[in-house]
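Here is the structure we will look at.
The values are calculated or read from the model by the stated rules, or taken from the named source; none is laboratory data. All figures in this text were calculated on a predicted structure; none of them were measured in a lab. Neighbour counts are summed over all protein chains in view; Cβ atoms, including those assigned to glycine, are modelled from backbone coordinates with ideal geometry.
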Amino acid sequence: MIACVGGGSNAIGIFSGFADLPVRLVGVEPAGGAAVGRGVPGVVHGMRSYLMQDEYGQVQEAHSISAGLDYPGVGPEHSMLAETGRATYVSVTDNEAVEAFRRTCRLEGIIPALESSHALAHVYRTASALPKDGIVLVNLSGRGDKDMATVAERDARPT
């Protein structure tokens, strides 16, 4: 089970149905906002969870090409899943997410949301190492037509 994480609602919604089953849970965070991967325990919005903060406890700014993942923390459920080892959290760069967005459009004929493209990027990155008889379930949490302008603007920028 693979889902994007940025705050956590998309992933925790799908993880909750599989948490008690013998399946691997993988949360994919944006590299610029990896609250589980780079964060530390703290309190934000009245809850204790992992969040990106400086040495003085001030919340640090997160960055992701996807507005839906541009958040410096995760919900307490993800913090618990990470601490207990029930879920694994990895990160994906903006470039990897955009490439996965394009690849999925081309290969599958669907436009995934940039949020979900982070999860897809992890699958593309690790596909060759997966068991041939395994099943991978990726949570596609939204439509990508809203992200077309963001990808087009990125393509138009000089390199």
*asked:* So if I check each of Arg86, Arg103, which one is modelled with pLDDT of 95 or more and either within 25 Å of Ser49 (Cα to Cα) or loosely packed, with under 15 Cβ neighbours inside 10 Å (or both)?
replied: Arg86
*Name the single residue, out of those in the range 49-73 being surrounded by fewer than 21 Cβ atoms within 10 Å (Cβ to Cβ) and out of contact with any Gly (no Cβ under 7 Å at 6 or more places or on another chain), that is modelled with the lowest pLDDT.*
Ala67
*What is the residue count in the range 130-159 for residues that are assigned to a helix (DSSP H, G or I) and either modelled with pLDDT of 95 or more or not aliphatic (A, V, I, L, M) (or both)?*
7
*asked:* Among (1) surrounded by fewer than 20 Cβ atoms within 10 Å (Cβ to Cβ); (2) modelled with pLDDT of 90 or more; (3) of a type in the set (Val, Ile, Thr), there is one condition Val43 misses while meeting the rest; what is its number?
replied: (2)
*Just give me the residues in the range 111-144 being among the β-branched types (Val, Ile, Thr) and free of Cβ contacts under 8 Å to residues at least 12 places away in the same chain, in sequence order.*
Thr126, Ile135
_Pair list, Cβ < 6 Å and 6+ apart or interchain, from the range 58-70 residues that are within 17 Å of Arg38 (Cβ to Cβ) to residues that are surrounded by 17 or more Cβ atoms within 10 Å (Cβ to Cβ) and polar (S, T, N, Q)_ = Val59/Gln53; Gln60/Gln53; Asp70/Ser64
_Qualifying positions in the range 96-123 - over 14 Å from the mean Cα position of the chain (by Cα), assigned to a helix (DSSP H, G or I) and either closer than 16 Å to Leu137 by Cβ or small (Gly, Ala, Ser) (or both)_ = Thr104, Glu108
*Spot the failing condition for Pro76; the list is (1) free of Cβ contacts under 8 Å to residues at least 40 places away in the same chain; (2) within 30 Å of Ala149 (Cβ to Cβ); (3) in contact with a Lys or Arg (Cβ under 9 Å, 6 or more places away or on another chain); (4) of a type outside the set (Ser, Thr, Tyr), and only one is missed.*
(2)
_Qualifying residues in the range 19-34 (those that are closer than 16 Å to Gln53 by Cβ and in contact (Cβ under 8 Å) with a residue 40 or more places away in the chain) - the one surrounded by the fewest Cβ atoms within 10 Å (Cβ to Cβ)_ = Gly32
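Does Thr93 satisfy being surrounded by fewer than 17 Cβ atoms within 10 Å (Cβ to Cβ) and either within 12 Å of the chain's Cα centre (by Cα) or β-branched (Val, Ile, Thr) (or both)?
Taking the combined requirement at face value, the residue satisfies it.
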*Just a yes or no: is a residue in the range 75-88 within 14 Å of Cys4 (Cβ to Cβ) and either over 14 Å from the mean Cα position of the chain (by Cα) or assigned to a loop (DSSP other than H, G, I, E, B) (or both)?*
yes
